[in-house]
Amino acid sequence: LWEQLSKKEANDLHTIQKSIVHHVTTTLARAAYNMDNFSAYQAVALSTRDRLISRWNETQGQLSKADPKRVYYLSLEFLLGRSMDNALLNMGLKGVYSQGVEQLGFNMEDVIESEVDAALGNGGLGRLAACYMDSLATLDYPAWGYGLRYNYGIFQQRIVDGYQTEYPDYWLNFDNPWELPRLDISIPIGFGGHVQTTQDEYGVTRHNWIPANSVQAIAYDVPIPGYGTENCNNIRLWRSKPTRVFDLTSFNEGNYEKSVEDATQAEKITSVLYPNDNTMAGKELRLKQQYFWTAASLYDIMRRFKKSMREWSDFPDQVAIQLNDTHPTLAIVELQRLLVDEEMLSWDDAWDIVTRTFAFTNHTVLPEAMEKWSVPMFEYLLPRHLQIIFDINLFFLQKVEKKFPNDRGLLNRMSIIEEAQPQQIRMAHLAVVGSHKVNGVAALHSDLIKKTIFHDFVDYYGEEKFVNKTNGITPRRWLHQANPQLSALITETLGNDRWLKELSQLRGLDKKVENAEFRKKWTAIKRLNKVRLAELIKTRCDVEVSPDALFDIQVKRIHEYKRQFMNILYVIHRYRTIKSMTAAQKASVQPRVVVFGGKAAPGYYIAKLVIKLINSVAAVVNQDPAVGDLLKVVFVPDYNVSVAEIIVPASDISQHISTAGTEASGTSNMKFVLNGGLIIGTMDGANIEILEEIGEDNIFIFGCLADEVEDLRHAQRYRNVPMDPALQGVISAIERGTFDDPKIYQPLISTLTVGKDFYLISADFASYIAANQQVDAAYKDQEEWAKKSIRCTANMGKFSSDRAVKEYADQIWNIKPISVVDEG
Ligand code: 26Y
């Protein structure tokens, strides 16, 4: 058995091949000669999994003994994408596995392509969690993620007649080799019922929650191997299952149907990921998910803590819990409940432990994304938790009143309870009050939240509680894995691959900017990546695009604030301009391929109309002989992590054009620039810091600033600001029926009507056109463009998620790395 071999033997070519064949013939029960790509993938995955498990066991065993302070990252979303390529690269086994697979008669790329994405997330927040897990493992931090194991990930998107249609993503159709089911770890989670109040022998009031029903949380572990280390961390995902006792009650009452119905309800909790990004729906099932997940995770964390026989007051010295947005905020309430009701601590002692344990990351300032739960619904599901929230609020407001007496307005604004009909629980306020640190995700955003949504809280708590942690991305997946040729060129040029763990080493590329030979290699790799994307576009959209055109890309969730609408309106403007040209004028037009991709929340009507408009424009433009290769427009359906891995390395320019002050950070901007793609963008989110790092000559900035937005909106509403004339021309073309029936777009166009253009498309349109002209002009000089491209990559060191995670570890979690000793 390979497990008993030394690591060196276990990882030699022959042993690996034997382990692959072993899994084909035994685990998969197939004949070795009767193997297709998919079963080859399964066998390679199982063989990889064996090696992951041995690292996981080694790491977790050593950590149990050392018992250091750990961080727990609570996130409702982990957008991991595919695992095989990443696991092999991180463990340093890609080369030997490729060789072994090829010798068995398979193409490694095809085998890798057979894997389905783990798409347990919507967008930025979920992918950030995945990047942070990679960095935590790579830097040897003792860290676990906690999330939910949804049966259905984010829906699959297909385009039918230009419209988005949604299909279920049943990703577990075949066994998932990247998880370890822990069927023995089964935790009961209660819901509903009532609170029993009694006096104990000292006359102290005790509260005891008697839930009406309960479900079981079953653990599934996903190993996360670090790069260039033996360390292997864990993401524990919970699955809901019916509780036997409760089934039996109904069953014994002779109500078989009800017992089956109860079981179905229990399983429903982890059935589906909510497909909303930056918009709150307020569904009861979502609240159930949040409690189910936070209660199971805390139970698990407390059980681990209890093993070391310490005092409860040591809890914050052993445990740091990071809340990924407000979604896990119930963990604050649950910990307070367990400490007070079950562990019998005093309220104040418990609250001190709670607030020293939690820290909270805010990812948005959009009002529609702020989580609020209706008090009556909440009370029905979690009666004891509601009491605790009201108590937390009471004690908090008493302290506010003491510090700022006689300010009713202030108390109203800061209250955790919003006085509406019905009352609402403001989860962001609860998260701030229950945490010792609150952070935004880019410098501008962290500043903005201090001035807007948390302004009163800054006055009350002081500045120190509110910090910035600029987001980052993992260079292992987003450069090394997605762009292997550029990665190889960088390693060859720098003379080593230290940059993969220390991204600021990329600065060494700056010296090569003036080297024409190097630029040629650099540009050749970009072109190969564009060819690869052109093939994907041909397959998915049936459109032929030239890799010699300028590739202009906007891929991200479809949202009004991200202004895909503005992008397509500009494309129409460009189309009209080309149509009006003489042949001689056309000769100097820079050919462009405009690529869109991204999903709209199924209930987001305006966002779905934007998708329809993009597809209608594409249909007209792509078949217009007057335009030919000068302009192509494509919407790549079903954008996800593995598609991003093809798209990101292939861009010349990408669009990050949110209305200033609305995009908290953005992370795809970092991915594109790291791969030598230039960006066009507004002064928003992390664009500002990217500009600072790469220099203003290497980025195309346009549009109003965040602190001008308020005035512009006001002017539009109350003064007669005319629509931008170029934009007016574009709108008229749509209204004349150039792109399908204009009636379809009326609701979309209404969002622009003067006084209503909330995202300031008209105000920014002229400067957007100008910035696009600068892009064309700059691209004409291919040598200069290549220099810009190299400078981009060379100066992206700051945006490694390693840097971000180190800042969290040092300044918020107070945890230290602990390296796993290789005993192999
Ligand atoms: C309340 C609810 C339904 C909800 C669900 C998902 C609210 C928000 C979200 C997701 C938010 C999100 O993805 N935000 C993004 O986080 C990224 C990582 O910090 C940022 O880069 C990006 O600017 C921000 O929009």
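We did not get these values from a lab; they are worked out from the coordinates using the rules stated. None of these values were measured; they are calculated from a predicted model. Here Cβ is always computed from backbone atoms with ideal geometry, including for glycine, and neighbour counts include all displayed protein chains.
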Per the 1/(1 + (r/R0)^6) rule, R0 = 41 Å and r from the Cβ atoms of Thr198 and Ser271, FRET efficiency to 0.05 is 0.60
Length gained, Arg527-Asp624, 0.36 nm per residue minus C-alpha separation, equals 32.3 nm
Full extension between Thr582 and Asn515 adds, at 0.36 nm per residue less the Cα distance, a length in nm of 20.2 nm
So, with points 7 Å from each Cα along the Cβ direction, the Glu368-His455 label distance in nm works out to 2.3
The summed charge of the Val432 Cβ neighbourhood (under 12 Å; Lys/Arg +1, Asp/Glu -1) stands at +3
Cross-link reach from Lys307 to lysines, straight Cα distance under 20 Å and at least 8 residues apart if same chain, gives Lys65, Lys69
Burial-style ranking of 533-539, 476-482, average other-beta-carbon count within 10 Å with highest first, yields 476-482, 533-539
Inverse of <1/r> over all distinct C-alpha pairs of segment 501-799, i.e. the Kirkwood Rh in Å, gives 19.7
Here, Phe395 and Lys283, labelled 7 Å along Cα→Cβ, have an inter-label distance in nm of 3.5
From fewest to most C-beta neighbours within 10 Å, the residues Glu784, Glu464 line up as Glu464, Glu784
Checked against a 18 Å limit on the C-alpha separation, the offending pairs among Lys612/Lys632; Lys241/Lys283; Lys562/Lys787; Lys511/Lys787; Lys562/Lys608; Lys512/Lys806 are Lys241/Lys283; Lys562/Lys787; Lys512/Lys806
The ³J(HN,Hα) series, computed from each phi in segment 427-436 with the Karplus coefficients 6.51, -1.76 and 1.60 at θ = phi - 60°, rounded to the nearest Hz and given as x for glycine or proline, is 5, 5, 5, 4, 5, 5, 5, x, 10, 8
For 576-586, 444-454, ranked highest to lowest by mean beta-carbon neighbours within 10 Å, the order is 444-454, 576-586
Farthest towards the positive end of the dipole of the chain, among Ala715, Ala217, Tyr202 and with Cβ unit charges of +1 on Lys and Arg and -1 on Asp and Glu, lies the Cα of Ala715
Calc'd 3J(HN,Hα), segment 362-373, phi into Karplus 6.51 cos²θ - 1.76 cosθ + 1.60 (θ = phi - 60°), Hz, glycine/Pro = x, comes to 9, 10, 6, 10, 5, x, 6, 9, 6, 6, 9, 10
From the Cα centre of segment 94-173 to that of segment 251-311, the distance in Å is 24
Length gained if Lys538 through Glu696 is fully extended, taking 0.36 nm per residue and subtracting the Cα-Cα distance, is 53.4 nm
One would report the antiparallel percent of DSSP beta bridges in the chain, rounded to the nearest 5, as 45
Kirkwood calc, the chain, C-alpha pairs only, radius in angstrom 28.4
Expressed in nanometres to one decimal, the distance between label points 7 Å along Cα→Cβ at Trp347 and Lys780 is 7.3
Rounded to the nearest 500, the 222 nm mean residue ellipticity computed for the chain from DSSP H runs (n ≥ 4, each -39500 (n - 2.57)) alone is -14000 deg cm²/dmol
Taking a ≥ b ≥ c as the square roots of the eigenvalues of the Cα gyration tensor, with a/c under 1.5 meaning rounded and otherwise prolate when a/b exceeds b/c and oblate if not, segment 134-276 is oblate
FRET efficiency for Gln421 and Asp497 from the Cβ-Cβ distance with R0 = 51 Å, rounded to 0.05, comes out at 0.25
Dividing the mean separation of Cα pairs under 8 Å (6+ apart) by the residue count of segment 501-799 yields a relative contact order in percent of 25
Amide H neighbours of Arg70 at under 5 Å, excluding residues fewer than 5 places away on the same chain, with H built from the backbone geometry, are Val319, Ala320
Computed over segment 314-385, the relative contact order (Cα-Cα under 8 Å, seq sep at least six) in percent reads 44
Karplus-derived 3J(HN,Hα) from phi for segment 421-426 (6.51 cos²θ - 1.76 cosθ + 1.60, θ = phi - 60°), whole Hz, x at Gly and Pro, runs 10, x, 4, 10, 8, 8
